[in-house]
1. Would you mind counting up the charge near His247? Only other residues with Cβ under 15 Å from its Cβ, with Lys and Arg at +1 and Asp and Glu at -1.
2. How high is the relative contact order of segment 196-316, in percent, counting Cα pairs under 8 Å that sit 6 or more residues apart?
3. How much length would be gained if the chain were fully extended between Glu8 and Asp109, taking 0.36 nm per residue of separation minus their Cα-Cα distance, in nm to one decimal?
4. Can you pull the percent of Cα pairs in the chain with separation above 27 Å?
5. Helix-derived [θ] at 222 nm for the chain: sum -39500 (n - 2.57) over DSSP H runs of at least 4, divide by residue count, nearest 500?
6. In percent, how large is the relative contact order of the chain, given Cα pairs closer than 8 Å and 6 or more residues apart?
7. For Leu83 paired with Thr318, estimate the spin-label separation in nm (one decimal), with each label point 7 Å from Cα along the Cα-to-Cβ line.
8. Which entries in Lys38/Lys294; Lys43/Lys189; Lys38/Lys205; Lys38/Lys267; Lys43/Lys294; Lys38/Lys230 show an alpha-carbon gap greater than 25 Å?
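Read-outs: derived from the displayed coordinates by stated rules, not from any lab. What you see is a predicted model, and the numbers here were worked out from it, not measured in a lab. Counting neighbours? That spans all protein chains shown, and the Cβs are built from the backbone with ideal geometry, glycine included.
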Amino acid sequence: MEPVTTLEDRVVVRNYLGAGDERALADDVLDGLTRPFKELPPKHFYDAAGADLFDRICEQPEYYPTRTERAILVERSAEIAALTGASELVELGSGTAVKTRILLQAMADAGTLERYVPIDVTEGMVRDVAEQLVEEHPGLAVHGIVGDFERHLQHVPEPDGPRIVAFLGGTLGNFTPGSRRRFLRQLAKLLRPQDFLLLGTDLVKDPAIIEAAYDDAAGVTAAFNRNVLKVVNAELDADFDPEAFEHVAFYDHEREWLEMRLRASRKMSVHIGALGLDIDFAPREELRTEISAKFTPERLRDDLAAAGLELAELLTDTDRMFALSLSRPR
Ligand code: SAH
Ligand code: AVI
């Protein structure tokens, strides 16, 4: 008789975030808001409301990265599945895994798909994706990780066949250059000689196109930007007035990155109850909330090389807006 595998047998979700200090927000607020140039790391955008706002950003006509990366995946996933022969896909910052499904389907069509390992800080998304995918793919095992990909990569299970580690959407661009290379080195440790890194990176282009993508007419990116203040209010008992901050998005030519900031519209003092801390803002003082680096193929190759990785394929759209790269250990 065939062994019976239930849906429950095929799903495991482990949460490595500590109770109460999800995403180590308190440390980042204390560190980032007491500096002369205020800054918060972008991972704190993504509570449930922030994750919904990000999904809405992806639907905005100005925000080209998602639809361009999706188009590349639609066109090239069969080739990626064949080239890698991968039976498992480990994905960092998996979110709702909408684009990932294109690749998972190609791996299923190639007859190799066995396991998917999504990693994200937002618990609800990891659980929903895990449940949906085992329903969609009979025989697929999902090992979900709720955690911080900068702190919890050691919990990625041992490989169970040829592996693709995917980091899509351009999220690598949200790291500063030094930490980006350090992070790529950590990622490289998840790869054996037969494995591949599949990396989505946004490309350098006309700054007007980039700036519009981060300042959509419907104001969704502005709401996403202000959401980080709502997260601090809710989780650290703070009294930010998000509407008193203006959304700022500009392209820095020299550094080749898009920068998002929140600009105080007036002088104000914000109380962070959980830290017993008061933070003063001068009129027009800015708080940096995100950088989003844009790459040239050369810089991408250099960053990969610095992590001991070699570019095997660079897949782009005809307008060279966005790139998906496949690389492997040298
Ligand atoms: N990969 C998806 C989502 C990109 S949005 C896409 O391409 O559309 C970035 C995702 O990374 C969000 O789901 C966010 O919750 C997650 N994320 C951001 N910083 C993270 C971190 N440090 N650790 C784990 N997940 C993180
Ligand atoms: C997740 N990350 C790649 C997005 C980006 O484009 O840098 C986040 C984002 N910020 C504003 N819009 C989208």
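1. It works out to a net charge of -4.
2. So the answer I get is 23 percent.
3. Using 0.36 nm per residue and subtracting the Cα-Cα distance, I get 34.0 nm.
4. Result: 45 percent of Cα pairs exceed 27 Å.
5. Computed ellipticity for the chain at 222 nm equals -10500 deg cm²/dmol.
6. The value is 21 percent.
7. Distance between label points: 2.1 nm.
8. Lys38/Lys205
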